[in-house]
Amino acid sequence: MLIAVSLTLAAVLAVALAQGDKPARLTPPREATHRAANIELVQCMAPLPEQEPQPLSAQPCAAGSYTSNASPYPIWGVDSLAGRGRGEVGWDSRGFIDWQNFAQGEWVGHARIAQIPEYRLRADDQLSIYFLRTREVIATPYRLQVGDRIRVESLTAGTSSSPGSTSSPASGGEDSLNREVEVQPDGTITLPLVGRVSVAGRSIEAVNADLEQRFKEYYRNPEITVSPVVTNTILEDLLDTVGFSRGIQGGRRIETRVTPSGHLQLPRLGDVLVQGLSLAEAKAEIDARYRQVSPGISVTVVLEQRAPRFVYVLGEVNQAGRFEMQGPTTVNMAISLASGWRIGANLRQVVVFRRGPDWRLMATMVDVQGALYARRPVPADDIWLNDSDIVLVPKSALQIADEVIEQVFTRGLYGVVPEEVVWGRNFNGGSSL
């Protein structure tokens, strides 16, 4: 019986090995054509003679590859571009490829295309907001704000010796009009004779004309002059708030984090929605909001730390768990983060679960066995992962069968009934049947 079981297992293993991954071929192999092209390329990329020194810059060849004095030999490999969008290429598509432009192997890294053309803000992104006083000339007249101080004065009104003045009990023949006043929280100032005057939200010229008209009731020629003393107090209060807020690290800067609802909490603005905006769009939005509060301020939005992205790997791996995505991550990279796969893992049917933008569940199944066993050079199944993706490496059929046998016989049947009873034998050489 043991011999039969061994033979059966050997047959299953042979079938599994025979079903190795075979890369999809685009066209029948054209060895002669490849060989001719490679010979031509070798001749083009041959080492330069010592008597003709050349610069170390790359020398282009007809086939589109490069070589140099320090790196004179071409590299034999497979480029995924050979597929031309018609399918996955295999090792039979090998040829000389543009592997390196520098003899040092580009250990400093080449100028790879940016991961994304524009970063979009999301929840838990940590930002630094720098506040800058612009000191730019505003296009519209300045309008007084609560807390501003102005000086109201007249050379003719309020003095008994002034020409054209009229005697009034209120004036008492003394100069009681010239003074500095502060715009009160209700937006008004208080002056003798005219009482409270609303000035908040009005320009200096408008307030001057209003007071001139009001004092004509008491003076023939009041000649009122309104001069700003302290203005833009809202901006000063805002900068003071930023300068002494917690999280400041030099300069007028605050650190803030995008809330789960996609908002930022900013002084005097409250909630500002930035979810899905780029840094430039977020700056434009914040500047526009502050422009409505007080002119003369601009912000710079800096991404200090992006929200962490995680991938979850479970199943037949050596170390299942949650792993932070420090950069673009593929399925094979996720398996390597989990310290590789276990013996008995079904690498042909790795499942990736994903949540869509509306939180709906999606799933796909990929085959990475050929890539992990070096049978497929550019596997189409090694897809890029998204934040919160779940990579499930399932058990193989043989592993599942082994577990069933373990559960049914070793822990189940043999755990209840002794083995000698099941097989009708005992250790004394007799039979229990």
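FYI, it's all coordinate maths here, none of it is from the lab. In this text, all values refer to a predicted model and were calculated from it rather than measured experimentally. Heads up, the Cβs are rebuilt from the backbone with ideal geometry, glycines too, and the neighbour counts pull from every protein chain shown.
Between residue 84 and residue 196, what length comes free when the chain is fully extended (0.36 nm per residue of separation minus the Cα-Cα distance, one decimal in nm)?
Contour length minus the Cα-Cα distance gives 32.2 nm.
All other residues with a Cβ under 12 Å from the Cβ of residue 210 taken together, and with Lys, Arg as +1 and Asp, Glu as -1, what is their net charge?
Taking every other residue near residue 210 into account, the sum is +1.
Sorted from largest down, what three extents in whole angstroms do the Cα atoms of the stretch 316-414 have along their principal axes?
In descending order, the Cα extents are 50, 35, 21 Å.
With a Förster radius of 60 Å, plug the Cβ-Cβ distance of residue 75 and residue 293 into 1/(1 + (r/R0)^6) and report the FRET value to the nearest 0.05.
With a Förster radius of 60 Å, E is 0.50.
Divide, for the stretch 310-355, the radius of gyration over alpha carbons by 2.2 N^0.38 Å, where N is the residue count.
1.08
Subtracting the Cα-Cα distance from 0.36 nm times the residue separation, let me have the gained length for residue 269 to residue 397 in nm, one decimal.
So the chain would gain 40.0 nm between residue 269 and residue 397.
Could you calculate the FRET efficiency of residue 326 with residue 240 from 1/(1 + (r/R0)^6), where r is the beta carbon distance between them and R0 is 56 Å, rounded to 0.05?
After rounding to 0.05, the efficiency reads 0.90.
Compare the peptides 396-402, 385-391 by average per-residue count of other Cβ atoms within 10 angstrom and give them in order, highest first.
Sorting 396-402, 385-391 by mean packing, highest first, produces 385-391, 396-402.
At q = 0.16, 0.24, 0.25, 0.32 Å⁻¹, what is the base-10 log of I(q)/I(0) for the stretch 349-388 according to the Debye formula with one equal point scatterer per Cα and no solvent? Please give it to two decimals.
-0.47, -0.80, -0.83, -1.09
Multiply the residue separation of residue 155 and residue 257 by 0.36 nm, subtract the distance between their alpha-carbon atoms, and state the gained length in nm to one decimal.
31.1 nm
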